[in-house]
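Asker: Once you've had a glance at the structure underneath, I'll fire off some questions.
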Amino acid sequence: MRRRDAALVLCCVLAVSAGCLGVEVDTAPSTATPTPGSETTVRVTDVVDGDTIDVRFPDGSTDTVRLLGVDTPEVHVENDPAEFEGVPDTEAGRSCLRRHGERASTFAVDRLADRRVTLQFDAAAGRRGGYDRLLAYVVVDGASFNAALLERGHARLYDSSFRERDRYTALEREARDAGRGVWDCAS
């Protein structure tokens, strides 16, 4: 009887190992990334710059998030004034953009660093953008951080498809017309 029990256990082990019993073992890495159109609460672990953050999901996994629909001036590489309507392609224009990139980054650090925020994903934009970063709206204290960047003139509208595009276009226009933030670099 023992030999029969051992043989039965061995057969079961082999069958499970071969997948014959329909038992599935998930060997893919864990991902907490929701699908477009959903949302999740995360912890901001680092502010890379005004429009990019690193986050930790509740399961401990991490990812980089590119704020959807906005573009702040660069702080780690050279800025192209042509991306910001009316900003002259001069040393003064590039210096002005750099200063405003630093201000946008400081604004992001002040409001997002080590905070719990909600990421909202947009089916119109897709899940990931360039450099394989997540694309999301960031909500902090019940308000859209992406929209706040535009309202304060810390960012321009990023030309892409997303559901808040019309609203963001109006926010950028208001900041530009008032000469707020980066728009004071325009000639």
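Asker: Please list, in order along the stretch 122-138, the HN-Hα scalar couplings obtained from phi with the Karplus expression 6.51 cos²θ - 1.76 cosθ + 1.60 (θ = phi - 60°), rounded to whole Hz, x for Gly and Pro.
Answerer: Those phi angles translate into 10, 4, 5, 9, x, 8, 10, x, x, 6, 6, 8, 5, 10, 7, 7, 10 Hz.
Asker: For labels at V48 and S95 in the simple 7 Å Cα→Cβ model, what's the distance in nm?
Answerer: So the two model labels end up 2.9 nm from each other.
Asker: Measuring from label point to label point, each 7 Å out along Cα→Cβ, what is the T41 to D141 span in nm?
Answerer: 1.7
Asker: Could you work out how much longer the chain between D132 and V77 gets when fully extended? Use 0.36 nm per residue separation minus the Cα distance between them, nm to one decimal.
Answerer: Difference between extended and current length: 17.9 nm.
Asker: Also: Taking 2.2 N^0.38 Å as the expected size of a compact globular protein, what ratio does the Cα radius of gyration of the stretch 39-184 give against it, to two decimals?
Answerer: Compared with the compact-globule rule of thumb, the stretch 39-184 sits at 1.00.
Asker: Another question, if that's okay. Ratio of the stretch 72-142's C-alpha Rg to 2.2 N^0.38 Å, to two decimals?
Answerer: Taking the Cα Rg and dividing by 2.2 N^0.38 Å, one obtains 1.34.
Asker: Report the Cα centroid-to-centroid distance between the stretch 73-130 and the stretch 148-172 in angstrom, as an integer.
Answerer: 12
Asker: Tell me the per residue accessible area of the stretch 145-187 using a 1.4 Å probe; a whole number in Å² is fine.
Answerer: 50
Asker: Could I ask something else about it? Tell me the accessible surface of H76 in square angstrom (1.4 angstrom probe, heavy atoms of protein chains only), to the nearest ten.
Answerer: Here the accessible area works out near 130 Å².
The values are calculated or read from the model by the stated rules, or taken from the named source; none is laboratory data. Only a predicted model underlies this, so the values are computations on that prediction, with no experimental measurement involved. Neighbour counts run over all protein chains shown; Cβ positions are idealised from the backbone, glycine included. Surface accessibility is based on the protein's heavy atoms, side chains included, excluding ligands, DNA and RNA. Shrake-Rupley method; radii C 1.70, N 1.55, O 1.52, S 1.80 Å.
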